[in-house]
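Here the structure is laid out as structure tokens; the discussion comes afterwards.
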Amino acid sequence: MKQKSIWSTSEDGSIEYLQITEGLLQESLEAMHRSFYINENVCVALGLPDRPECFPEMDKLVTWVAEDGISIAAVDKATGKVAGVAFNKLHGTDTMDVFAKHLKLCEHSEVRNLLQWMCDIEKIFDICEHCKVKTAMEIMFVGILPEFRKRGIAKKLFEVSISIAKRLSHGKEDKVISNGTTLAITRPPEIVTAICTSFITHKIAEQLRFELGAEMGFDRFEYDGRSLASKIAHSQNLTFEFLRL
């Protein structure tokens with residue numbers, strides 16, 4: 001059996017932060033079903049929680065993100081259960097092309113609208129252009145199972161993600177993709193980014209000294225005749241955060 005890649009451990013030793021490999025992918029996707037897909041603000045506004053038949057289509061997108069080999073599962077040592085996940089993506093020049101490809105293949109309007117929103121925000125604010133860099137690592141999807149919340153797992157997932165990005169940036173970490181193959185990184189990430197859609201993720205980004213690139217209201221986005229703001233508290237805004245490495 002292949003040895004698991006442990007990237008970090010919680011201070012009390014109860015949670016291990018592991019690379020999401022093929023053997024851990026399915027349970028990590030199931031964790032997304034019980035967290036991100038049904039709780040994240042944009043997913044809720046677009047109606048994903050009411051359409052679980054959409055989840056396998058979302059899983060295809062998340063699996064593509066996981067192929068970079070820099071996504072993380074927080075695993076409870078006592079039970080072996082995935083408690084939370086951070087799916088991270090290295091962004092290059094082809095990222096938007098892949099988004100567009102997934103968009104064309106969507107069968108469900110909820111997933112199609114989510115992908116369209118992801119494309120729209122990239123067009124409105126190009127964080128790499130703002131930072132004058134060519135490459136970035138995005139903390140793209142973060143979800144924590146309800147029974148493991150309020151234990152600092154989300155913040156730790158951010159911290160481990162930043163640590164991985166720094167090691168890649170400094171040439172101290174090989175890029176081992178999810179099937180175990182090691183690849184050379186020709187252009188390591190220059191920044192870590194996060195698009196924060198809730199108070200919680202924005203607060204974590206602030207605590208970890210991310211800089212604010214841009215902020216905008218959800219009322220700016222409308223899909224199928226319905227504004228995202230109709231299902232998201234008006235006091236919450238979308239923020240684009242970045243951390244230079």
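Could you list, in sequence order, the residues of segment 114-145 that are surrounded by fewer than 18 Cβ atoms within 10 Å (Cβ to Cβ) and either among the acidic types (Asp, Glu) or assigned to a strand (DSSP E or B) (or both)?
Passing the criteria: Asp120, Glu122, Asp126, Glu129.
Looking only at segment 83-96, decide whether some residue is charged (D, E, K, R), more than 24 Å from Phe199 (Cβ to Cβ) and touching a residue at least 24 places away in the same chain (Cβ under 8 Å). Outline the logic, then answer.
The initial filter retains those residues of segment 83-96 that are charged (D, E, K, R), namely 89, 94.
After this cut, where a residue has to be more than 24 Å from Phe199 (Cβ to Cβ) as well, the list is 94.
Of the ones still in play, those that are also touching a residue at least 24 places away in the same chain (Cβ under 8 Å) are none.
No: zero hits.
Go through segment 60-76 and report how many residues are touching a strand residue (DSSP E or B) at 6+ places or on another chain (Cβ under 6 Å) and outside any helix (DSSP H, G or I).
9
Among the numbered criteria (1) in contact with a strand residue (DSSP E or B) (Cβ under 9 Å, 6 or more places away or on another chain); (2) under 15 Å from Trp117 (Cα atoms); (3) loosely packed, with under 13 Cβ neighbours inside 10 Å, which single criterion is violated by Arg209?
(2)
Out of Ile6, Ile38, which single residue is touching a Pro at 6+ places or on another chain (Cβ under 7 Å) and free of Cβ contacts under 8 Å to residues at least 24 places away in the same chain?
Values: Ile6 fails: touching a Pro at 6+ places or on another chain (Cβ under 7 Å).
Residue meeting the stated conditions: Ile38.
Restricting to segment 67-80, and then to whatever is out of contact with any helix residue (DSSP H, G or I) (no Cβ under 6 Å at 6 or more places or on another chain) and in contact (Cβ under 8 Å) with a residue 40 or more places away in the chain, can you tell me which residue is most open to solvent (accessible area, probe 1.4 Å)? If you could, list the steps in order and put the result at the bottom.
Let us first name the residues in segment 67-80 that are out of contact with any helix residue (DSSP H, G or I) (no Cβ under 6 Å at 6 or more places or on another chain), namely 67-69, 71, 75-80.
Next cut, in contact (Cβ under 8 Å) with a residue 40 or more places away in the chain only: 67-69, 71, 75-78.
Numbers: Glu67: 92, Asp68: 19, Gly69: 3, Ser71: 0, Val75: 14, Asp76: 15, Lys77: 115, Ala78: 97 Å².
Among those that are out of contact with any helix residue (DSSP H, G or I) (no Cβ under 6 Å at 6 or more places or on another chain) and in contact (Cβ under 8 Å) with a residue 40 or more places away in the chain, it is Lys77.
Looking only at segment 197-206, how many residues end up being open to solvent by less than 30 Å² (accessible area, probe 1.4 Å) and under 19 Å from Leu245 (Cβ atoms)?
Of the residues in that region, 2 qualify.
What's the total number of residues in segment 1-59 that are of a type in the set (S, T, N, Q), in a strand (DSSP E or B) and open to solvent by less than 50 Å² (accessible area, probe 1.4 Å)?
So the answer is 2.
Residues of segment 212-245 being part of a loop (DSSP other than H, G, I, E, B), surrounded by fewer than 17 Cβ atoms within 10 Å (Cβ to Cβ) and of a type outside the set (Gly, Ala, Ser), which ones?
If the condition is that a residue be part of a loop (DSSP other than H, G, I, E, B), surrounded by fewer than 17 Cβ atoms within 10 Å (Cβ to Cβ) and of a type outside the set (Gly, Ala, Ser), then Asp224, Lys231, His234, Gln236 are the ones that fit.
The values are calculated or read from the model by the stated rules, or taken from the named source; none is laboratory data. Values in this document were obtained by computation on a predicted structure and should not be read as measured data. Ideal geometry is used to build each Cβ from the backbone, glycine not excepted, and the neighbour counts take in all protein chains shown. Accessible surface is based on the protein model in full, side chains and every heavy atom, while ligands, DNA and RNA are left aside. Shrake-Rupley method; radii C 1.70, N 1.55, O 1.52, S 1.80 Å.
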